[in-house]
Amino acid sequence: MPLLQDTVDIESPLARLSQTLDTACCFDPASPGFMQGVRAALARLAEEPELLSKAQRESCPDSYSRHLLFADPLGRYAVAALVWRPGQISPIHGHHTWCAYTVIEGTLTETLFSWDTNTHRAVETRRHERVHGAVSVVGAGRGAIHRLGNASTTGETAVSIHVYGVTGAQISTHVNDVVRAA
């Protein structure tokens with residue numbers, strides 16, 4: 001994948017996100033400094049009205065769509081837009097890596113789970129709506145199991161921006177730790 005500078009205007013919101021992520025990556029991903037840097041960067045990104053192109057907002061009828069926006073040339077992170085039609089949901093999953101997301105359009109429903117070590121299954125603990133500007137940042141592991149989905153009854157599409165601590169080539173294969181629910 002080309003370097004960010006080769007594909008994105010260096011003054012664009014995505015370029016600014018990359019610069020902030022580069023700074024945050026100086027910290028250990030489990031540290032408060034890292035989490036705060038990523039959270040602040042995504043909060044600013046959610047306020048950019050012209051962030052995505054028409055192609056980056058395309059959806060798929062069968063499942064949510066993932067559009068790779070850019071990948072760090074050093075392999076520290078990848079950024080993707082996820083487009084959710086009404087009724088589309090992710091599997092219940094933890095993460096093999098740190099991850100973060102912000103909702104930039106519509107509303108997502110996030111269902112949180114705890115991990116039951118006796119049954120080796122996820123147990124639902126609560127649900128909440130994630131509206132425009134909501135930001136979530138979590139570390140790797142089964143301490144942050146969730147499911148995201150678009151529960152819209154009005155036909156509204158939802159769009160979220162996700163940042164994962166993997167290379168661009170690994171975004172579809174090395175992020176989610178899919179689990180079963182109790």
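The values are calculated or read from the model by the stated rules, or taken from the named source; none is laboratory data. Values in this document were obtained by computation on a predicted structure and should not be read as measured data. Neighbour counts run over all protein chains shown; Cβ positions are idealised from the backbone, glycine included.
Is there a residue in the range 109-117 that is within 18 Å of V163 (Cα to Cα) and either touching a residue at least 40 places away in the same chain (Cβ under 8 Å) or assigned to a loop (DSSP other than H, G, I, E, B) (or both)? No, that holds for no residue. Within the range 29-51, being under 16 Å from L74 (Cβ atoms) and modelled with pLDDT under 85 holds for one residue alone: P29.
Yes/no per residue for (1) basic (K, R); (2) over 14 Å from the mean Cα position of the chain (by Cα); (3) on the phi < 0 side of the Ramachandran plot:
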| position | (1), (2), (3) |
| --- | --- |
| R76 | yes, yes, yes |
| A81 | no, no, yes |
| G87 | no, yes, no |
| A100 | no, no, yes |
| I104 | no, no, yes |
| T109 | no, no, yes |
| S114 | no, yes, yes |
| T119 | no, yes, yes |
| S136 | no, no, yes |
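For (1) touching a residue at least 24 places away in the same chain (Cβ under 8 Å); (2) part of a helix (DSSP H, G or I), each residue gets a yes or a no:
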{"site": "G33", "(1), (2)": "no, yes"}
{"site": "L52", "(1), (2)": "yes, no"}
{"site": "H67", "(1), (2)": "no, no"}
{"site": "L82", "(1), (2)": "yes, no"}
{"site": "A122", "(1), (2)": "yes, no"}
{"site": "H128", "(1), (2)": "no, no"}
{"site": "H132", "(1), (2)": "yes, no"}
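Okay, residues lined up against (1) exposed (fewer than 15 other Cβ atoms within 10 Å of the Cβ); (2) in contact (Cβ under 8 Å) with a residue 40 or more places away in the chain; (3) assigned to a strand (DSSP E or B):
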position	(1), (2), (3)
E11	yes, no, no
T23	yes, no, no
V38	no, yes, no
F70	no, yes, yes
P86	no, yes, no
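Got at least one residue in the range 90-97 being under 30 Å from R180 (Cβ atoms) and more than 16 Å from the chain's Cα centre (by Cα)? No, the range 90-97 contains no residue that is under 30 Å from R180 (Cβ atoms) and more than 16 Å from the chain's Cα centre (by Cα). Annotation: R180 fulfils all but one of (1) modelled with pLDDT of 95 or more; (2) of a type in the set (K, R); (3) out of contact with any Ser or Thr (no Cβ under 7 Å at 6 or more places or on another chain); the unmet one is (1). Look at (1) touching a Gly at 6+ places or on another chain (Cβ under 8 Å); (2) within 20 Å of A43 (Cβ to Cβ); (3) modelled with pLDDT under 95 and you find that T167 fails only one, number (2).
Among the residues of the range 16-64, the ones that are among the hydroxyl-bearing types (S, T, Y) and over 22 Å from G149 (Cβ atoms) come to 5 in all.
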